[in-house]
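The values are calculated or read from the model by the stated rules, or taken from the named source; none is laboratory data. Being a predicted model, the structure only gives us computed values, none of them experimental. A quick note on method: Cβ atoms are made from the backbone with ideal geometry, for glycine too, and the neighbour counts reach across all protein chains shown.
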């Protein structure tokens, strides 16, 4: 019978979320290349690298996403594409479909885009060796005259849902670059874990 | 908050319970909890008298607004604060601490 020691975890908060800040990678590289040409990220993840014009980005505070790649596209601001691997995507559900519903209530919440988010495509995919969900969405901000197209892929790592997502920003009259979506697809389709996650180890180790 | 919600099964595994404390009023907290699908208790402490008990004062970052600084506190069964950390919760650190505490609690 489980013994309850009755610990109480309390916390106070400011009532505001602190945004994570993406910054270019520092001098000490968190990755190396394998003999097969894949990237080994901190000895934990392996995936096919994007072309060399994509720059590495990492989170330094917060936890909005883990790491990813950024490319500044030709054309006026805000023309850029970014994709990331996220260990803690918005939401709490452990089922990818339900997590997708929760995720899109918060995704891009710090922009005006969330008010006008349209789901363009939703389909089941095979990701990380199991069933997952891929969603393509687009949002427009008529005030800033900007738009964003995004693809989000939800999968499982142990009991928890993880996500990959690409955002491609354009001025309202700009055209999207489908090649970035192809690079992103190669990223998540090739992605695999080289060791158990913190959470898997936490519950399995005595 | 979503991080704590995601970790509820793990807190349960380590015999811990989570409670949020805020100076927001009950109505605000109800809507906020609903918007994030939170299922654990949130305590409304509009006068802020609980703050000093946990070493929490008004936030220096948002001057003029009655909000607590952000702090995570772990209290043992005897009511002793065993862990306190300011800022955003370090969930991995919290879970490792709870696991260690749970182990200690299980010893004869």
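Taking (1) surrounded by 13 or more Cβ atoms within 10 Å (Cβ to Cβ); (2) under 25 Å from residue A:200 (Cβ atoms); (3) more than 9 Å from chain A (Cβ to nearest Cβ) in turn, residue B:58 satisfies each apart from (2).
Could you tell me whether residue A:90 is within 14 Å of chain B (Cβ to nearest Cβ), surrounded by 13 or more Cβ atoms within 10 Å (Cβ to Cβ), under 20 Å from residue A:146 (Cβ atoms) and at pLDDT below 95? I'd like the intermediate steps shown before the answer.
Values: within 14 Å of chain B (Cβ to nearest Cβ): yes; surrounded by 13 or more Cβ atoms within 10 Å (Cβ to Cβ): yes; under 20 Å from residue A:146 (Cβ atoms): no; at pLDDT below 95: yes.
It is false that residue A:90 is within 14 Å of chain B (Cβ to nearest Cβ), surrounded by 13 or more Cβ atoms within 10 Å (Cβ to Cβ), under 20 Å from residue A:146 (Cβ atoms) and at pLDDT below 95.
Do we find a residue being out of contact with any strand residue (DSSP E or B) (no Cβ under 8 Å at 6 or more places or on another chain), more than 26 Å from residue A:37 (Cα to Cα) and free of Cβ contacts under 8 Å to residues at least 24 places away in the same chain anywhere in region A:174-193? Checking region A:174-193: at least one residue is out of contact with any strand residue (DSSP E or B) (no Cβ under 8 Å at 6 or more places or on another chain), more than 26 Å from residue A:37 (Cα to Cα) and free of Cβ contacts under 8 Å to residues at least 24 places away in the same chain.
Select from region B:43-55 the residues that are within 30 Å of residue A:102 (Cα to Cα) and more than 10 Å from chain A (Cβ to nearest Cβ) and write down the one among them that is surrounded by the most Cβ atoms within 10 Å (Cβ to Cβ). Show your work before the answer.
First, pick out the residues of region B:43-55 that are within 30 Å of residue A:102 (Cα to Cα): B:43-46.
With more than 10 Å from chain A (Cβ to nearest Cβ) added as a condition, the list becomes B:44, B:46.
Working: B:44: 16, B:46: 12.
That would be B:44.
Residues that are facing another protein chain (nearest Cβ under 8 Å) and touching a residue at least 24 places away in the same chain (Cβ under 8 Å) within region B:64-90 comprise B:67, B:68, B:74, B:76, B:77, B:89, listed in sequence order.
Look through region A:117-153, keep the residues that are over 21 Å from residue A:81 (Cβ atoms) and in contact (Cβ under 8 Å) with a residue 40 or more places away in the chain, and return whichever of them is surrounded by the fewest Cβ atoms within 10 Å (Cβ to Cβ). So the residue we want is A:129. The one condition from (1) under 15 Å from residue A:87 (Cβ atoms); (2) away from chain B (no Cβ under 14 Å); (3) surrounded by 17 or more Cβ atoms within 10 Å (Cβ to Cβ) that residue A:156 does not meet is (2). With respect to the conditions (1) at the interface with chain A (Cβ under 7 Å from one of its Cβ atoms); (2) touching a strand residue (DSSP E or B) at 6+ places or on another chain (Cβ under 7 Å); (3) at pLDDT 90 or above, residue B:5 falls short on a single one, namely (2).
Restricting attention to region B:11-38, report how many residues are in contact with a helix residue (DSSP H, G or I) (Cβ under 9 Å, 6 or more places away or on another chain) and either over 21 Å from residue A:89 (Cα atoms) or at the interface with chain A (Cβ under 7 Å from one of its Cβ atoms) (or both).
Initially, region B:11-38 is screened for residues in contact with a helix residue (DSSP H, G or I) (Cβ under 9 Å, 6 or more places away or on another chain), giving B:11, B:13-18, B:20-24, B:35-38.
Applying the additional criterion that residues be either over 21 Å from residue A:89 (Cα atoms) or at the interface with chain A (Cβ under 7 Å from one of its Cβ atoms) (or both) yields B:11, B:13-18, B:20-24, B:37.
Of the residues in that region, 13 qualify.
Give me the strands (runs of 3 or more DSSP E) completely within region A:11-63, filtered to those with at least 3 residues that are at pLDDT 50 or above and buried (at least 17 other Cβ atoms within 10 Å of the Cβ), ordered by residue number. Before the answer, list the steps.
On the way: elements: A:22-24, A:31-33, A:39-41, A:45-47, A:55-59.
The strands (runs of 3 or more DSSP E) meeting that bar are A:45-47, A:55-59.
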